[in-house]
Amino acid sequence: MELVRQYRIVSPNIIIITEVLKFKAGDFLKPTAIAPGIDGLFIKNDRFSTTHISINLYIPLNKTTLAHNALLTYVLSSCCAEYPDFTALNLKICQLYGADIGGVADKVGDTQVLRFFSFTVDDELTDQDSSVVLESFELLCKMLFEPSVENEAFKTADLQRERRLTLEKIEGLINEKRSYAINKTIFEMYKNEAFGQFKTGSIEDVCAITEKSLYKAWKELLSSAKVRVQVIGKKLPDGLFENLAERFEGCNRNPMQIVPAVPKNPPQKVNRVDEVMEVAQGKLVMGFTTTFTGNDTETAFLAVFSDLLGGGPYSKLFKNVREKLSLCYYCAARCNRAKGYLMIDSGVEAENAIKAEEEILKQLEDIKSGNFDAEDLAASIRSIKESLRGLNDSQAALDGWYSLKVVGNPTSPEEFIAALEGVTKEDVIRAAGLYTLDTVYRIVPKGKEGVMAYEN
Amino acid sequence: MKTEVISGIAGKKYTLCTLDSGLKIYLYKMPGFTSYYGMFGTRYGSIDNAFVDQNGNTVELPEGIAHFLEHKLFESEDGDAFTKYSKTGAYSNAYTSFDRTCYLFSCSQRFYENLGILLDFVRSPYFTAETVAKEQGIIGQEIRMYDDQPTWQVLFNMLSAMFYSHPVKIDIAGTVESISKITHELLYKCYDKFYNLSNMFITLAGDFDEEEVLGFINKNLKTTPKSEVVPAAIKEPDEVVKPYVEVNLEVAKPLFCMGFKEKLSSDGVCIKDAIAMDVLLRMLVGSASSLYKTLLEKELINEEFAPEYFTGRNIAIPMFEGESKDPKMVKELILKELEKFKTQGLDPVLFEAVRKDMFGRMLRRFDSAESVCSMLADANVMGYEPFEYIENLKNLKIEQVADRLSVFDTEKCVLSVVRRGI
């Protein structure tokens, strides 16, 4: 096994060390166990008195494995062979000075991301003899590599508990109407793809999981996932990357290729979906798609466009639809550059819904025809840059930034800032022209079906 | 003007400056950090719905006026603060809670320019009949949005069932009807009363030179003569209004909020008691407790379940919120566990683990400029020294925690439920 260290100096206090573990045939007794590579990312950051470690597993998003992998994340982080009882595990975590140790399942483009993390105070702040940082990392590894299983199956109680919690999470989505409406729109837009699924998978898929199928999914995951371990803090604990590489050695490694997401083609006609509910206020969500995708640098202008349309208080939607016309309490736009969509969501009084939709489209047309202030464009770029600079002051945010960069070499916030600085008015006009309206999803307050009905 | 440096745990320290106007300024230097965070706040929230004027008369105010004023203060004669901040790129916002109103910004560049905007707009009220009328429409929509939020409704229903007259039960944004009574004259009256610098505070965190910051504030802050806020007395009986309240809304599983009415001394919340209660709640139902395990195994709670010691200026309610197929059973099991704690005593191993857990979490908060500013603001509004919380937590004894069990009186318990209508 050979360690190749690559340094990249991003700014005076951020040095990224990429450790590429190269495995050579002959290093192992069984050549089939050769793993082609695991990335390590250490971000040295002296300002914190805490250390953040994450082990990120990347696999292609697939409707048949999505629910298994998501549930696996939660079962693995709730117990392990050494602490088969989750109460005992949680007691241990409390004793590690409030360490945040756990797992979360997410999706980026057509890739499923399973993140296992440990966030602890640095050892010098504790009055403990052992290292809290390393002990937490060890515990995290035990969750991932030494789960509580028997006879090639997870235990029924653990499966049942986490399955119920996942199902209730899916069913509970309706409690928050704003996020429910956004999730429903994504589902409607990508009905025929795995991407349309909620990040835990569908109720049917979650229900179909068994103790044995989950075990199989775990084995498959450790073998086929692309892996990146990220450490953010004052120093890289000795032997951490090597320790993890060793643990993966026995996993029959055969990582799958992680490729850019496939964008959706423009629709033949707009898909309109209304849902009637017992609510006071209506919701209006408009989903647009584009076939234009690319890496962070290539798509920076899309981020500026969506922010100018519906980001901060200088945005077209905030200034006009909310402030000037008082058509809604909130009206925001955000784009997903990995998959290639733009989402505009707002909370509207039923009486204003039709007018709000027209006005939102008008604001988009305005950008297309270049009808926006240079000062507002500058304000938008300034605001995005500000929020990116702030990333370096939060380990969790920085870790999130890197772990969600799934394809190719991850871009640093500084590199993205540099790309934003080159965005021009013409770029923004071009961006506005790239999107096609795909789906309009609305929550209609009961009894207001008439006022929210479209003419024709 | 009086300036002092106050040192605390693990080498942490902050500078406190009290100006002649009564304004308190807290500065927390964070070497090496890129971001700055600043907050200008007043001890004026939704619970301050009445005050005593100079003639000794109690003046009643429309519900939701503190929140309304917050919305309007962003506007000045020369444009609104959002526009000014969009020129510097800073993030800005404001919020009104039960016991305070805070205006804030965060940035990584042009710190003094951003601080200057904050000092200026918070000290420059500008209200007209026309802008007030327009805001009534926008806030009306905000209120209706809250009507659809079951988690908000379940909390306020609990508060209404707990209190007869304590203003904590008032919805922060008021009602469409109450805000219709707000006029620009009334806003000026509230501003003069509650935005006097002696009732206010500034908290700032970032990598700055403290002396330079204080010099800048002194030079740029508009001051007014010192005047005191005399709050109207709150007359609240010890009993709850009713032990159970239920309403119907579109939710998947019933939502519940259960709380205990705690009697506070006239000095408000004692920080030592508050820490002990925070620890007790985690020992009772935290993720390492046996009750949490029982509730999960009986499928009575899910990940939404959490305890909270709901505290503020003159507010202290130990509460439990979550989703359950059977909220009454959850209540019963919590009451039973409390009884067990009272008769069998507390587990020292669990106590030590929970104390360490909270201690580590508190330490981590010092790594975020935003968290630091919030911690300093909490201390100001509730009237304790900012490091008191973490220092008391470090030295907390199990007996202090056991003492807090007396708060849990079955007769003072309220359960609020929101479920889907049949």
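The values are calculated or read from the model by the stated rules, or taken from the named source; none is laboratory data. All figures in this text were calculated on a predicted structure; none of them were measured in a lab. Methodologically, a virtual Cβ is constructed for each residue, glycine included, from the backbone with ideal geometry; neighbour enumeration extends over all protein chains shown. Heavy atoms of the whole protein, side chains included, go into the accessibility calculation; ligands, DNA and RNA do not. Shrake-Rupley method; radii C 1.70, N 1.55, O 1.52, S 1.80 Å.
Dividing the alpha-carbon Rg of region B:322-383 by 2.2 N^0.38 Å yields what?
Rounded to two decimals, the normalised Rg is 1.65.
Calculate the spin-label point distance for A:LYS269 paired with B:SER7, positioning each point 7 Å from the Cα along the beta-carbon direction, and give it in nanometres.
Taking the two extended label points, one gets 7.6 nm.
Taking a 29 Å limit on the Cα-Cα distance, which of the listed pairs A:LYS425/B:LYS84; B:LYS272/B:LYS331; B:LYS84/B:LYS219; A:LYS235/B:LYS356; A:LYS184/B:LYS134 fall beyond it?
A:LYS184/B:LYS134
Can you list the residues of region B:53-87 that have at least 10 square angstrom less accessible area with all protein chains present than in their chain by itself, probe 1.4 Å?
In region B:53-87, residues shielded by partner chains: B:HIS71, B:PHE82, B:SER86, B:LYS87.
So what does B:PHE82 come to for accessible area, using a 1.4 Å probe and Å² rounded to 10?
Its accessible surface works out to 50 Å², give or take rounding.
Tell me, what is the FRET efficiency for A:MET277 and B:THR343 to the nearest 0.05, using R0 = 56 angstrom and their Cβ-Cβ distance as r?
Efficiency at R0 = 56 Å is approximately 0.75.
For region B:238-284, report the convex hull volume of the alpha-carbon atoms normalised per residue, in Å³, without decimals.
132 Å³
In whole percent, what relative contact order does chain B give with Cα contacts below 8 Å and a gap of six or more residues?
22 percent
Could you pull the accessible area for A:LEU434 with a 1.4 Å probe, rounded to 10 Å²?
Counting only protein heavy atoms, A:LEU434 exposes about 50 Å² to solvent.
Using r as the Cβ-Cβ distance of A:GLU146 and B:MET329, and R0 as 41 Å, what FRET efficiency do you calculate, to the nearest 0.05?
Once the sixth-power term is evaluated, E becomes 0.70.
Taking 22 Å as R0, compute the FRET efficiency from the Cβ-Cβ separation of B:SER265 and B:GLU411 and round it to 0.05.
For R0 = 22 Å, the calculated efficiency reads 0.65.
Report the accessible surface area buried between chains B and A, summing both sides, using a 1.4 Å probe on protein heavy atoms only, in Å² rounded to the nearest 100.
Its buried surface, counting both partners, is about 5200 Å².
Per the Cauchy relation, a quarter of the hull surface: what is the mean projected area of the convex hull of the alpha carbons in the protein assembly as shown, in nm²?
36.5 nm²
Tell me the carbon and sulfur percent of the accessible area for chain B, rounded to whole percent, probe radius 1.4 Å.
Carbon-and-sulfur percentage of accessible area, whole number: 48.
Let me check something: with ligands and nucleic acids excluded, how do B:ILE9, B:ILE390 order by accessible area (1.4 Å probe), largest to smallest?
B:ILE9, B:ILE390
If the cut-off is a Cα-Cα distance under 16 Å, which lysines reach A:LYS269, setting aside same-chain residues fewer than 8 apart in sequence?
Qualifying lysines at Cα under 16 Å: A:LYS191.
Determine how large the accessible area of B:LEU350 is when every protein chain is in place; take a 1.4 Å probe and give Å² rounded to the nearest 10.
It works out to around 20 Å².
Enter the accessible area per residue of region B:2-220 (Å², integer; probe 1.4 Å; all protein chains in place).
36 Å²
For chain B, what are the per-bin percents of Cα-Cα distances with bins 10 Å wide, up to the bin holding the maximum?
Going from the shortest bin to the longest, the percentages are 4, 20, 28, 27, 17, 4, 0.
Which pairs in the list A:LYS216/B:LYS336; B:LYS13/B:LYS193; B:LYS261/B:LYS394; A:LYS448/B:LYS242; A:LYS142/A:LYS264; A:LYS339/A:LYS368 are over 31 Å apart, alpha-carbon to alpha-carbon?
A:LYS216/B:LYS336; B:LYS13/B:LYS193; A:LYS448/B:LYS242; A:LYS142/A:LYS264
Taking a point 7 angstrom from the Cα of B:GLU297 along the C-beta vector, which residues in region B:313-337 have backbone N less than 17 Å away?
B:330, B:333-334, B:336-337
Over chain A, what is the relative contact order in whole percent, taking alpha-carbon pairs under 8 Å and six or more residues apart?
With pairs under 8 Å counted, the relative contact order is 19 percent.
Expressed in nm to one decimal, what extension gain is obtained for the pair B:ALA129 and B:THR175 from 0.36 nm per residue of sequence separation less their Cα-Cα distance?
Here the segment from B:ALA129 to B:THR175 would lengthen by 14.6 nm.
Please express the Cα-Cα pair-distance distribution P(r) of region B:2-220 as a list of whole percents, one per 5 Å bin, running from 0 to the bin with the greatest distance.
Histogramming region B:2-220 at 5 Å steps yields 1, 6, 13, 17, 17, 15, 12, 10, 6, 2, 0 percent.
Taking all protein chains in place and a 1.4 Å probe, what share, in percent, of the accessible surface of region A:2-249 do carbon and sulfur account for?
53 percent
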